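The values are calculated or read from the model by the stated rules, or taken from the named source; none is laboratory data. Note that the structure is a prediction, hence the values are computed from the model and not measured. Methodologically, a virtual Cβ is constructed for each residue, glycine included, from the backbone with ideal geometry; neighbour enumeration extends over all protein chains shown.
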Amino acid sequence: MSYLPLPAPGTTPLRVLTIAGSDSGGGAGIEADMRTMALLGVHACVAVSAVTVQNTLGVNGFHEVPGEVVAGQIDAVVTDIGIQAAKTGMLASSAIVDTVAATWRRLRLTVPLVVDPVCASMHGDALLEASALDSLRDQLFPLATLVTPNLDEVRLLVGIDVVDVESQRAAAKALHALGPRWVLVKGGHLRSSDRSCDLLYDGAGFHEFDSERLPGGNDHGGGDTLASAVACALAHGYSVPDAVGFGKRWVTECLRAAYPLGHGHGPVSPLFRLT
Ligand code: PXL
């Protein structure tokens, strides 16, 4: 596949801000975002929302960063370094979601914003307090260029159980009504056991993204990696459908290169780009 153009050595790369939680195991969250951004030739700036205590077996707990510190990180990055796109991942609480949205509005940011509405880890550990769903829907979604929920997040956000193409389309419409410009409903293995079908919707038309579904349990950080790659492509000026197509191809390559780690789920990996 072809990747994004790399910056010449010594020249300033494009910058993408990730507002997300840290994974001490290094597989998901900010660590996954930064790996993908670096290997796509983009400079990653970070606003840490929470510090999780986790390994490949699960999340043992997390410590939330105070809202004003999250806002301060965004402010510091935007007013000095400048960004061409941003993405959000784990935001932990309604206080942080509200602060991120208020800061985005206060700074009058107009760059593309990818919102990955992370609610839980793959082990089912909560990464967002239940009361924060209202904040996500009411405050952050209307600012988003693209939201990228998986099927569990769709159920929590709009109460739709996606079981087939029709319910996937209904979910995309219900999510779009909350205000984001585009919605990507990640379908997992909805239509067949060996394909992964994601549905993109902008209020007018549907675009389908189909990829092979790779076997193996090492897929920690897949959603973060996809959203980060999409944000990098948007920073380069790609259209949303082209950016999603790129992100999907990227995460498929990262899944192919996933490696075992610890005693649980290993991470998807962009390190194949170094070989
Ligand atoms: O992959 C979702 C995710 C995002 N951010 C953090 C996580 C996880 C999953 O465990 O730990 C910090």
Contact list, first residue from the stretch 153-172 and closer than 15 Å to C119 by Cβ and touching a residue at least 12 places away in the same chain (Cβ under 8 Å), second anywhere and in a loop (DSSP other than H, G, I, E, B) and among the basic types (K, R), beta-carbon distance below 9 Å, six or more apart or interchain, is E153/K186; V154/K186
Looking only at the stretch 89-99, decide whether some residue is at positive phi and within 16 Å of the ligand (Cβ to nearest atom).
yes
Quickly run through the stretch 194-207 and pick out the residues that are within 18 Å of G222 (Cα to Cα), surrounded by fewer than 16 Cβ atoms within 10 Å (Cβ to Cβ) and not basic (K, R).
D194
In the stretch 22-45, the residues that are surrounded by fewer than 24 Cβ atoms within 10 Å (Cβ to Cβ), assigned to a helix (DSSP H, G or I) and within 13 Å of the ligand (Cβ to nearest atom):
E31, M34
For the stretch 199-242 the number of residues that are part of a strand (DSSP E or B), hydroxyl-bearing (S, T, Y) and either closer than 15 Å to I30 by Cβ or modelled with pLDDT of 95 or more (or both) is 1
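Rundown of residues vs (1) of a type in the set (K, R); (2) free of Cβ contacts under 8 Å to residues at least 40 places away in the same chain; (3) within 16 Å of the ligand (Cβ to nearest atom), yes/no style:
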residue: D75; (1), (2), (3): no, yes, no
residue: K87; (1), (2), (3): yes, no, yes
residue: A102; (1), (2), (3): no, yes, no
residue: V114; (1), (2), (3): no, no, yes
State whether the residues of the stretch 120-128 include one that is modelled with pLDDT of 95 or more and more than 14 Å from the ligand (Cβ to nearest atom).
no
For the stretch 134-149, indicate whether the set of residues that are of a type in the set (S, T, Y), closer than 26 Å to V163 by Cα, surrounded by 21 or more Cβ atoms within 10 Å (Cβ to Cβ) and in contact with an Asp or Glu (Cβ under 8 Å, 6 or more places away or on another chain) is non-empty.
yes
